[in-house]
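Written below as structure tokens is the structure these notes are about.
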Amino acid sequence: MDLFEDTPAPQGNQPEYTVSELSGAVKRVIEGEFGLVRVRGEVGRVSRPASGHLYFDLKDDRSVIAAISWKGQVARMQVRPEEGMEVVATGRMTTFPGQSKYQLIVDDVAPAGAGALMAMLEKRRAALAAEGLFDQGRKQKLPFLPGVIGVVTSPSGAVIRDILHRLRDRFPRHVLIWPVAVQGQACAGEVAAAIKGFNAIQSGGPIPRPDVIIVARGGGSLEDLWGFNEEIVVRAAAASDIPLISAVGHETDTTLIDYASDLRAPTPTAAAELAVPVRLELLAGLDATGARLVRGVVQGVGQRGQRLRDLGRALPRLEALLSGPRQRLDGAGARIGAALGLAVAQKHRQFDRVAGPMRPELLLGLATRRHDGMRLWEQRFEAALARRLERARDRADNLAGRLVPALARMIATADRQVIEGTHELAAKGMRLDAAAAARFQRLSDRLDALDRTRTTLGYAETLKRGYAVVRGDGHVVTTRAAAEKAASLEVEFADGRLALGARAARKTKGEEGGGQGSLF
């Protein structure tokens, strides 16, 4: 016998498994033992692909478990896991045979205590504050008396009734309500969409644009108010062009939207009080101001009348002011007669001195010389005018000689362009007719193809391949139970229909056939 055997040793009675069988057995064991588990750990790597599923890791100081939440489970989560967050995940264990690993299918995620949730909230607040979303310089001043107030809240809660009641008591205004969910997974998206929707309303449109927005919700736990801590809500509030008042929770509740809003109200009722003044107080103030105005006008007129009378007593009397001018006028009237006589005599002497040398012969000689001079200037003007007209006529003839060929060239060019445009228009018209005919033919061919497809896929073609349609009481029958209940049956073949008549009565228990009734 050889020292070493070449033949293999017998394998014994252990069963042989395929890889799939072994993976399936391991999957059943793990899912049976860990059908529902709650795991506490820190969230590691988080991945959100376009499919909507959520992939992340749960880890502690020694181990890591891969976790998955499907799209529908993610939609129901009130708190979504973020990297570095300590959570308690509820789900079931399973395996992924394709990679020989086990993983946790997570149905819900909850923060591991209020401390972890507050730590995540503080981290998010610091990050948003670093971007400048909470700066006081971004805050807008509220209008003194808004014409339209937009309210973002739940339409079924007591908050909207408190706001409307308070506005009605203080100063009735036009109110637009944007209904949203105020807690749960849909809260953040709906609140952000409502703020953006109010800002998207155009002024002067069919829906009035709000002058101020109130985001309101009643009190609740930190988890209930978590939707108003989401980043999408904070950014929408900070980007609002309309002044925004946040009234989320009670006075002791603080959310991130309070930092981004233009004004924080401790309660929804207080938000209504901050939005509008008290109408009765304004009327009382207006009446008081009007009374003060009337008293001020009366008192001012009286004071100015008294001042005028005081100043009038300081003026001299009218007789004293006019006595001197009156005397000067009387003296001037007495001297004016003699002065006029002297002035007339002086003017006569000056006229006689000037008219003495004047004779008619001198005037006629002067007129003749002026007339001869005018004739000379007239002759010179006519000659100059004739020369200027001749030069103008020569220039006009020269310009006309140059203008006629250019005008002819322009007319020829225009005619050529008109002819070319006519030919091009005719060619494009022919191309348009050809394109329309080709498109009509393509659409007709496509319609014929669709009609052939419809005919091929119809149930009549299926009947031609040997199938039949069974109808009971006028309806299509697809199961034996429905056929047994039908009063009459009809079978449709490719070449026609066959009526089978009324169904035979079911045999009673104990008759022949061991209690089995016939169908017909």
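The values are calculated or read from the model by the stated rules, or taken from the named source; none is laboratory data. What you are looking at is a predicted structure, and each value in this text was computed from that prediction instead of being measured. Cβ placement follows ideal geometry from the backbone for every residue including glycine, while neighbour counts extend to all protein chains displayed. Keep in mind that these areas ignore ligands, DNA and RNA; they rest on the heavy atoms of the full protein, side chains included. Shrake-Rupley method; radii C 1.70, N 1.55, O 1.52, S 1.80 Å.
Subtract the Cα-Cα distance of Leu403 and Asp433 from 0.36 nm times their separation in residues, and report this length gain in nm to one decimal.
Working: separation 30, 0.36 × 30 = 10.80 nm, distance 4.49 nm.
So the extension gain works out to 6.3 nm.
So which lysines pass the test for Lys139, namely a Cα distance under 28 Å, with those fewer than 8 places away in the same chain ruled out?
By straight Cα distance, Lys139 reaches Lys123, Lys196.
So if I place +1 on the C-beta of Lys and Arg and -1 on the C-beta of Asp and Glu, and nothing else carries charge, what would the dipole magnitude of the stretch 56-211 be about its Cα centre? I want it in debye, nearest 20. Mind dumping the intermediate values first?
Numbers: 20 positive and 15 negative charges, 124 e Å.
Using only the charged Cβ atoms, the result is roughly 600 debye.
Once R0 is set to 30 Å, what does the formula 1/(1 + (r/R0)^6) return for the Cβ-Cβ distance between Glu420 and Gln441, expressed as a FRET efficiency to the nearest 0.05? Could the numbers behind the result be given before it?
Details: r = 32 Å, r/R0 = 1.06.
That pair, Glu420 with Gln441, gives E of 0.40.
At 1.4 Å probe size, with no ligands or nucleic acids counted, give the accessible surface of Ser156 in Å², nearest ten.
Answer for Ser156: close to 90 Å² accessible.
Angle check, please: helix 360-457 long axis (alpha carbons) against the longest principal axis of the chain (alpha carbons), in degrees 0 to 90, nearest 10.
Rounded to the nearest ten degrees, it is 10.
Considering only protein heavy atoms, what per residue accessible area in square angstrom results for the chain with a 1.4 angstrom probe? All intermediate terms of the calculation are to be shown ahead of the outcome.
Details: 36580 Å² over 520 residues.
Each residue of the chain exposes 70 Å² on average to a 1.4 Å probe.
Rank these residues by their accessible area, most exposed first, probe 1.4 Å: Leu447, Leu145. Please list the in-between numbers first.
Numbers: Leu447 115, Leu145 65 Å².
Solvent-accessible surface, decreasing: Leu447, Leu145.
For Lys71, which aspartates and glutamates qualify as cross-link partners when the Cα separation must be under 16 Å and same-chain residues fewer than eight apart are set aside?
Correct list for Lys71: Asp107, Asp108.
As a test of the formula, what do you get for the chain when each DSSP H run with n ≥ 4 contributes -39,500 (n - 2.57) and the sum is divided by the residue count, at 222 nm and rounded to the nearest 500 deg cm²/dmol?
Details: 13 runs with 270 residues, N = 520.
Counting only the DSSP helices, I get -18000 deg cm²/dmol.
What is the calculated FRET efficiency for Leu280 to Arg161, with r their C-beta to C-beta distance and R₀ = 30 Å, to the nearest 0.05?
Details: r = 22 Å, r/R0 = 0.73.
Using R0 = 30 Å, I get an efficiency of 0.85.
May I ask for the percentage of alpha-carbon pairs in the stretch 259-409 that lie more than 20 Å from each other? Don't skip to the answer; put the middle values down first.
Numbers: 9579 of 11325 pairs.
That tail contains 85 percent of the Cα-Cα pairs.
Which value, in Å² rounded to 10, gives the accessible area of Asp169 with a 1.4 Å probe and all protein chains present?
Here the residue's solvent-accessible area equals roughly 90 Å².
For helix 114-130, what angle does its Cα long axis make with the longest principal axis of the chain, in degrees from 0 to 90 and rounded to 10?
Here the helix axis deviates by roughly 30 degrees.
Taking 0.36 nm per residue of sequence separation and subtracting the Cα-Cα distance, how much length would be gained by fully extending the chain between Arg375 and Arg124, in nm to one decimal?
On the way: separation 251, 0.36 × 251 = 90.36 nm, distance 10.76 nm.
Contour length minus the Cα-Cα distance gives 79.6 nm.
Could you check the simple spin-label distance between Lys101 and Asp60, using points 7 Å along Cα→Cβ, in nm with one decimal?
2.0 nm
On a full-extension model of 0.36 nm per residue, what is the gain between Gln327 and Ser488, subtracting their alpha-carbon distance, rounded to one decimal in nm? All intermediate terms of the calculation are to be shown ahead of the outcome.
Values: separation 161, 0.36 × 161 = 57.96 nm, distance 14.32 nm.
Result: 43.6 nm gained on full extension.
Leaving out ligands, DNA and RNA, what percent of the accessible area of the stretch 19-106 is carbon and sulfur, probe 1.4 Å?
52 percent
For the stretch 323-399 and the stretch 263-309, what is the separation of their Cα centres, given in Å?
About 77 Å separates the Cα centre of the stretch 323-399 from the one of the stretch 263-309.
Excluding residues on the same chain fewer than 8 positions from Lys485, give the lysines whose Cα lies under 23 Å from its Cα.
Those lysines meeting the cut-off are Lys507, Lys509.
Suppose accessible area is computed on protein heavy atoms with a 1.4 Å probe; arrange Glu223, Glu361 from highest to lowest. Each step should come with its number before you reach the end.
Details: Glu223 85, Glu361 120 Å².
Putting Glu223, Glu361 in descending order of accessible area: Glu361, Glu223.
With labels modelled as points extended 7 Å from the Cα through the Cβ direction, what inter-label distance (nm, one decimal) is found for Ala384 paired with Lys464?
Once both label points are built, they end up 11.1 nm from each other.
Could you order Leu54, Leu318, Leu164 so the one with the most accessible surface comes first? Probe is 1.4 Å. Don't skip to the end; give the middle numbers.
Working: Leu54 5, Leu318 115, Leu164 60 Å².
Most to least solvent-accessible, the answer reads Leu318, Leu164, Leu54.
Please list, in order along the stretch 285-302, the HN-Hα scalar couplings obtained from phi with the Karplus expression 6.51 cos²θ - 1.76 cosθ + 1.60 (θ = phi - 60°), rounded to whole Hz, x for Gly and Pro.
The phi angles translate into x, 5, 5, 5, 5, x, 5, 4, 5, 4, 4, x, 5, 4, 5, x, 5, x Hz.
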